[in-house]
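Below is one structure, written out as structure tokens; the observations come after it.
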Amino acid sequence: KKKSTEAVQDVSFFLRKGESYGLVGESGSGKTTLINLLLKFLHASSGKIMLSGIDYTLLSSTEILQKIAVVEQETHLFNDTLAANLLIAKTDATTAELLAVLKLAQLYDFVQSLPKGLETELGENGKVLSGGQRQRVALARALLKNAQIVILDEPTTGLDPESANAFMQVVQDVLKNKTVIIISHVLATLRSVDEIIVLKDGDIWERGTYAELSTKGGLFSAWLGLQT
């Protein structure tokens with residue numbers, strides 16, 4: 001066993017193309033550490049991380065960040081136009097590309113209804129948008145980046161149940177060919193993922209589908225019982 005001071009120990013798993021994964025655990029369980037390792041914000045003191053068969057040590061941080069997109073819990077939008085906020089993900093994107101990802105994120109009709117369309121000023125942190133619309137802009141950014149892996153950090157925070165369900169349906173539809181990691185304390189958000197990884201004290205405590213874990217009588221089912 002490795003030193004207990006390490007944030008994660010003996011953690012081993014594969015992420016397959018086209019599959020989705022839920023990552024759950026209490027504060028301090030190792031979720032953030034794992035994501036920071038994947039983004040190469042941290043370096044593993046032992047073990048190995050591979051991306052498409054290439055050792056992480058052979059890849060630069062820039063190369064890794066080109067392959068991974070993050071939809072953060074609090075979508076940061078600049079006090080600028082919608083187009084400018086999307087172009088952060090791909091500075092040379094065409095108008096057709098911007099409209100294409102907005103269609104996928106189911107924002108196209110809304111944008112077309114705006115008098116200035118893509119040139120609409122979003123205001124301070126996107127105040128002209130609802131919470132669900134801000135998350136869809138973040139999703140459109142990830143789609144524009146065309147990354148292999150998409151990480152969604154608490155994607156339904158602040159959304160009512162109807163908006164949360166609608167957003168997760170869009171995620172499921174448009175990211176089906178990507179590798180998707182969803183970090184969420186709202187366990188119902190993870191109903192449709194291929195596998196859920198439950199972390200505790202820096203180790204994988206249990207893993208399986210939502211259906212399997214909800215009836216297993218372990219940590220996941222206990223947490224689920226508190227949310228229903």
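The values are calculated or read from the model by the stated rules, or taken from the named source; none is laboratory data. Note that the coordinates shown come from a computational prediction; the quantities given were computed from them, not determined experimentally. As a convention, Cβ positions derive from the backbone with ideal geometry for all residues, glycine included, and neighbour counts pool all protein chains shown. Only protein heavy atoms, including side chains, enter the accessible area calculation; ligands, DNA and RNA are left aside. Shrake-Rupley method; radii C 1.70, N 1.55, O 1.52, S 1.80 Å.
Within region 204-217, the set of residues being crowded, with 16+ Cβ neighbours inside 10 Å and either in contact with an Asp or Glu (Cβ under 6 Å, 6 or more places away or on another chain) or not hydrophobic (A, V, I, L, M, F, W, C) (or both) comprises Glu206, Arg207, Gly208, Tyr210, Ser214.
Go through region 25-62 residue by residue and tally those that are open to solvent by 80 Å² or more (accessible area, probe 1.4 Å), farther than 16 Å from Ile149 by Cβ and either in contact with a helix residue (DSSP H, G or I) (Cβ under 7 Å, 6 or more places away or on another chain) or not hydroxyl-bearing (Ser, Thr, Tyr) (or both). Write out each step before concluding.
So the first thing to find is which residues in region 25-62 are open to solvent by 80 Å² or more (accessible area, probe 1.4 Å), and the list is 26-27, 32, 41, 43, 45, 48, 50, 52, 57-58, 62.
Retained after the next criterion (residues that are farther than 16 Å from Ile149 by Cβ): 26-27, 32, 43, 45, 48, 57-58.
Next cut, either in contact with a helix residue (DSSP H, G or I) (Cβ under 7 Å, 6 or more places away or on another chain) or not hydroxyl-bearing (Ser, Thr, Tyr) (or both) only: 26, 43, 48, 58.
Summing the residues that are open to solvent by 80 Å² or more (accessible area, probe 1.4 Å), farther than 16 Å from Ile149 by Cβ and either in contact with a helix residue (DSSP H, G or I) (Cβ under 7 Å, 6 or more places away or on another chain) or not hydroxyl-bearing (Ser, Thr, Tyr) (or both) in region 25-62 gives 4.
The numbered conditions (1) buried (at least 21 other Cβ atoms within 10 Å of the Cβ); (2) without any contact (Cβ under 8 Å) to a residue 24 or more places away in the chain are all true for Gln135 except (2). The residue list Glu154, Glu121, Glu74 contains one member that is in contact with a Ser or Thr (Cβ under 9 Å, 6 or more places away or on another chain), farther than 29 Å from Val24 by Cα and of a type outside the set (A, V, I, L, M, F, W, C), which is Glu121. Looking at this structure, is Val101 under 30 Å from His185 (Cβ atoms), touching a helix residue (DSSP H, G or I) at 6+ places or on another chain (Cβ under 9 Å), open to solvent by less than 20 Å² (accessible area, probe 1.4 Å) and in contact (Cβ under 8 Å) with a residue 40 or more places away in the chain? Spelling it out, Val101 is indeed under 30 Å from His185 (Cβ atoms), touching a helix residue (DSSP H, G or I) at 6+ places or on another chain (Cβ under 9 Å), open to solvent by less than 20 Å² (accessible area, probe 1.4 Å) and in contact (Cβ under 8 Å) with a residue 40 or more places away in the chain.
Is one or more of the residues making up region 90-113 more than 26 Å from Asn177 (Cα to Cα) and either at pLDDT below 95 or among the β-branched types (Val, Ile, Thr) (or both)?
Keep residues of region 90-113 that are more than 26 Å from Asn177 (Cα to Cα), which gives 112-113.
Narrowing further to those that are either at pLDDT below 95 or among the β-branched types (Val, Ile, Thr) (or both): 112-113.
Taking every residue of region 90-113 in turn, at least one turns out to be more than 26 Å from Asn177 (Cα to Cα) and either at pLDDT below 95 or among the β-branched types (Val, Ile, Thr) (or both).
Here region 72-98 is the region considered, the condition is being hydroxyl-bearing (Ser, Thr, Tyr) and over 12 Å from Leu139 (Cα atoms), and the residue that is most open to solvent (accessible area, probe 1.4 Å) is Thr91. Restricted to region 143-197, and to residues there that are farther than 22 Å from Leu226 by Cα and in a loop (DSSP other than H, G, I, E, B), the residue that is most open to solvent (accessible area, probe 1.4 Å) is Lys176. The residues of region 198-211 that are in a helix (DSSP H, G or I) and touching a helix residue (DSSP H, G or I) at 6+ places or on another chain (Cβ under 9 Å) amount to a single one, Tyr210.
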